[in-house]
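Input: a single structure, listed below in structure tokens.
Every number here is computed from the coordinates shown, using simple stated rules; none is lab data. Being a predicted model, the structure only gives us computed values, none of them experimental. Positions of Cβ are generated from backbone atoms using ideal geometry, with glycine treated the same way; all protein chains shown enter the neighbour counts.
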Ligand SMILES: Nc1nc2c(ncn2[C@@H]2O[C@H](COP(=O)(O)OP(=O)(O)OP(=O)(O)O)[C@@H](O)[C@H]2O)c(=O)[nH]1
Ligand SMILES: [Mg+2]
């Protein structure tokens, strides 16, 4: 592998991790970039970060474009900072057509000016080269956690499957709704409703908050009655901060419920199981590429198979054997 100034040898990983753990923001930013860009040292870096994780509370904030998620993230960050907790923010796909994501960007710059060492925010600029957005976000969140942040806020627009996957990385998922959605609550992706631990009716300064609340309750009454946790509904006005204390209280209650009876550990094990699937797929595709089996070659095989000239089962058995014979990389 060709080395250049932007690459780190394995030996440099430990000092980098040591620095980011001491609160060195530049080291943190550099580590996140390495992970986000899937640099050759990314896995060694993640391995080195891993022992320092598991203590942060991960809060996912999802909802429709423009629902006020970033404004809410900003308010929650301030709330937790004032309570003496350190905060990391990951905003995924902030370039929604609604606001262009400029708002969080501006706040990040603002925060950087304030130079609060207990706060760090990052927007995911890329989708990650191989493993997809969900895996890249999980990796970035892990590095943030290793830097000692007490609270992680992960903002994502809850529309696609990828975004739902990201929200599911969190220990607690907030679904942000707004008045005026009316019957639209029902049209929300079922997947999004299912993962909500807490409903936030933001923009409650507008008419129609009652209606949205009724809609949610109607949906809840249809849901399974034996669910151990009934997601509470909290109204907020993110622009003024109204209701944010109540929201934080509801989050704390959920956290308590989660920590009881090992629910959090169980939930995290489920997360890891999904993540292991994604990691395994990614690793196998990476190896396949190294064996000259990129998309082009696969499409050539596919063309031959379509013409009946190649047996797909034999092909896959051969390929899988090749991939599994490879030695694991050292780090
Ligand atoms: N009236 C009112 N406006 C709000 C409230 N919260 C946010 N807004 C406004 O709604 C707009 C969108 O807010 P954002 O925080 O960027 O929303 P978002 O959900 O992060 O948007 P995307 O990331 O683009 O999907 C901004 O103009 C906010 O000022 C609220 O409680 N009441
Ligand atoms: Mg936003």
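By the beta-carbon count within 10 Å of each Cβ, the least crowded to most crowded order of 279, 193, fewest first, is 279, 193. Centre-to-centre separation between the Cα atoms of segment 232-247 and those of segment 256-331: 42 Å. Put a dot 7 Å past the Cα of residue 290, heading toward its Cβ, do the same for residue 253, and the two dots end up 5.1 nm apart. Full extension of the chain between residue 303 and residue 327 yields a length gain of 5.6 nm, computed as 0.36 nm times the residue separation minus the alpha carbon distance. Report note on the peptides 263-276, 20-33: ranked by the mean count of other C-beta atoms within 10 Å, highest first, their order is 20-33, 263-276. Packing order of peptides 64-72, 234-242, highest average first: 64-72, 234-242 (average count of other Cβ atoms within 10 Å over each peptide's residues). Length gained on full extension, residue 271 to residue 12: 90.2 nm, using 0.36 nm per residue less the C-alpha separation.
Taking other C-beta atoms within 10 Å as the exposure proxy, 164, 61 rank 164, 61 from fewest upward.
By other beta-carbon atoms within 10 Å, ranking 257, 229 with the fewest at the front produces 229, 257.
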